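Engineer: My questions will all concern the structure given below.
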Amino acid sequence: MTDLNTPDLPGHPFIAYQSGELMAEGLALSALAREHGTPLFVYSKAAMLSALAAYQRGFAGRKAQICYAMKANSSLAVLQVFADAGCGFDIVSAGELARVMAAGGDPAKVIFSGVGKSRAEMKQALQIGIGCFNVESEAELDVLSDVAMSLGKKAPVSLRVNPNVDPKTHPYISTGLKGNKFGIAHESAVQVYQHAASLPGLSVVGIDCHIGSQITEVTPYLDAMDRILDLVADIEKAGVPIHHIDFGGGLGINYNGDTPPAADALWAQLLAKLDARGYGQRQLMIEPGRSLVGNAGVCLTEVVFTKPGEQKNFCIVDAAMNDLPRPAMYEAFHHIVPLQARTGEAVTYDVVGPICESGDWLGRDRPLVVQAGDVLAVLSAGAYCMSMASNYNTRGRAAEVLVDGTQAHLIRQRESAFDTFALEQLV
Ligand code: LLP
């Protein structure tokens, strides 16, 4: 039976109530909150590996490399879990590359995306020997060739082509439409490939696209695939062989009744199309981020005060928009649930943080039975939360714990106020 206090948590297979206590795998979250304090991010290793397994099942028998888009959650131990499971990484900065190396990732399985790579970043990535640069403009091609030549190397490149399909998601996270800053226009792709092939410091190895994030339908992927395969045919006809095809990331998760396809179901459809069009044996790559970690994590936060208002009641918690920026940035919905069932009359609250901005809210109009001192869990907090966290209001970033069965590993210490200004100097 579902009650308001201890609802089922759809999409969170390893985070569930047992006898009224919210557990991550075999551990009570209330015990972790007591031990490590709040706000606290808690991740389930099994949830990450089971999300990855859905992709692995989908690609069984195929030549495919999964490159985890680490911008979703770049904490070292999270990267380690995916590196140990055979993943490569999709990076967007030299900083992310440094994290991959620190976590024991294989640089040969790294692809470097992003519209504004600097010369210094290109140089570093070439010296470390990454697998591929996903290039987003002609200017970038010229500079990359130049940097590679100066090192006596050839940079492996793939061009990110903009398939111009609507992923039907939030405008801030749709990236494959005309008018986005990303990628090379479909119409000019063949000509840009010919240019790339003519540059002495480059070796063309692939094609890639990424149409957006939190995609919950199959159709945009199928449409993008058709557009990309049309191009592969044209590019190869023009004399430039394409070794791998990278379909980007973007698969959504269940935040609030969203029903994205499972990764293996999505890929069954996509692979059927690839087979039908004769590309089934190509080397494939994907760059999933959110779908590997989003529902593997929660953020625990303590109720500081409840504050009845004239129009609204506020539940003021110790996590804020600096820890969980998605509601403030995208009006994103995250479920907020108690760690322990409590009986009583539910009150409708706006759950807000202590930051001095009206935009500092985590959830609106949430019926909760709470009092000060209770700990709540903000769900679906594994992706784009800690990796987007800031020190606004000189708030140290939260601690992080990785749960593995009945073991809890503190994978990031809580930042102190001193840590937040350690690099500053008085004049
Ligand atoms: N590949 C590229 C080139 C990307 O730009 C992204 C995400 C991904 C892969 C991974 O996409 P995913 O599988 O995670 O959807 N901060 C926003 C999401 C921004 C996504 C940016 N690019 C959010 O919190 O919703």
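The values are calculated or read from the model by the stated rules, or taken from the named source; none is laboratory data. All values reported here derive from a predicted model rather than from experimental measurement. Counting neighbours? That spans all protein chains shown, and the Cβs are built from the backbone with ideal geometry, glycine included. These accessible areas exclude ligands, DNA and RNA; they are computed on the full protein's heavy atoms, side chains included. Shrake-Rupley method; radii C 1.70, N 1.55, O 1.52, S 1.80 Å.
Engineer: Given a 1.4 angstrom probe, what's the average accessible area per residue across the chain, in square angstrom?
Structural biologist: On the way: 17620 Å² over 427 residues.
Solvent-accessible surface per residue comes out at 41 Å².
Engineer: Here's a follow-up. Note down the nm distance, to one decimal, between modelled labels 7 Å out along Cα→Cβ at Ala108 and at Asn393.
Structural biologist: Those two pseudo-labels are separated by 4.9 nm.
Engineer: Can I ask one more? Starting from the Cα of Ala98, step 7 Å along the direction of its Cβ; do the same at Leu151; then give the gap between the two resulting points in nm.
Structural biologist: 1.6
Engineer: Please report, in debye to the nearest 20, how large the charge dipole of the chain is about its Cα centre when each Lys and Arg carries +1 at its beta carbon and each Asp and Glu carries -1 there.
Structural biologist: 760
Engineer: How long is the gain from Glu21 to Ala197 if the chain were fully straight, where each residue apart is worth 0.36 nm and the alpha carbon distance is subtracted?
Structural biologist: Between Glu21 and Ala197, full extension yields 57.4 nm more.
Engineer: Any chance you could list P(r) for region 67-122, counting all Cα-Cα pairs in 10 angstrom bins from zero, rounded to whole %?
Structural biologist: 27, 59, 14, 0
Engineer: Moving to a separate point now. Can you list which of the DSSP-assigned H helices in the chain have a Cα extent of 15 Å or more along the long axis and an average Kyte-Doolittle score of at least -1.0?
Structural biologist: 45-58, 138-150, 219-237, 263-276
Engineer: Using all Cα-Cα distances in the chain, what percent lands in each 20 angstrom bin from 0 up to the longest?
Structural biologist: With a bin width of 20 Å, the distribution comes to 26, 53, 20, 1.
Engineer: Out of the total accessible area of region 300-351 (probe 1.4 Å, heavy atoms of protein only), what percent is carbon and sulfur?
Structural biologist: 49
Engineer: Considering the options Pro39, Asn391, Val157, tell which one lies farthest towards the positive end of the dipole of the chain, charges being +1 on Lys and Arg and -1 on Asp and Glu at the Cβ, about the Cα centre.
Structural biologist: Positive-end residue among those listed: Val157.
Engineer: DSSP beta bridges in the chain, what fraction antiparallel, as a percent rounded to 5?
Structural biologist: Around 45 percent antiparallel, to the nearest 5.
Engineer: Run the accessible area of region 114-286 with a 1.4 Å probe and give the carbon-and-sulfur part as a rounded percent.
Structural biologist: Here it works out to 51 percent.
Engineer: If you put +1 on each Lys and Arg Cβ and -1 on each Asp and Glu Cβ, how big is the dipole of region 114-286 around its Cα centre, in Debye rounded to 20?
Structural biologist: The calculation lands at about 380 debye.
Engineer: For the chain, what is the relative contact order in percent, using Cα pairs closer than 8 Å and at least 6 residues apart in sequence? Before the final figure, lay out each step's value.
Structural biologist: Numbers: 970 pairs, mean separation 87.0, N = 427.
Across the chain, relative contact order equals 20 percent.
Engineer: How large are Rg and Dmax for region 96-164 when only the alpha carbon atoms are used, in Å?
Structural biologist: 11.9, 37
Engineer: Compute the projected area of the convex hull of the Cα atoms of region 149-254, averaged over all viewing directions, and report it in nm² to one decimal place. If you can, show how the numbers build up before the last one.
Structural biologist: Details: hull surface 29.4 nm².
Its average projected convex-hull area is 7.3 nm².
Engineer: Calculated FRET efficiency, Val218 and Glu424, Cβ-Cβ r, R0 51 Å, to nearest 0.05?
Structural biologist: So the FRET efficiency works out to roughly 0.55.
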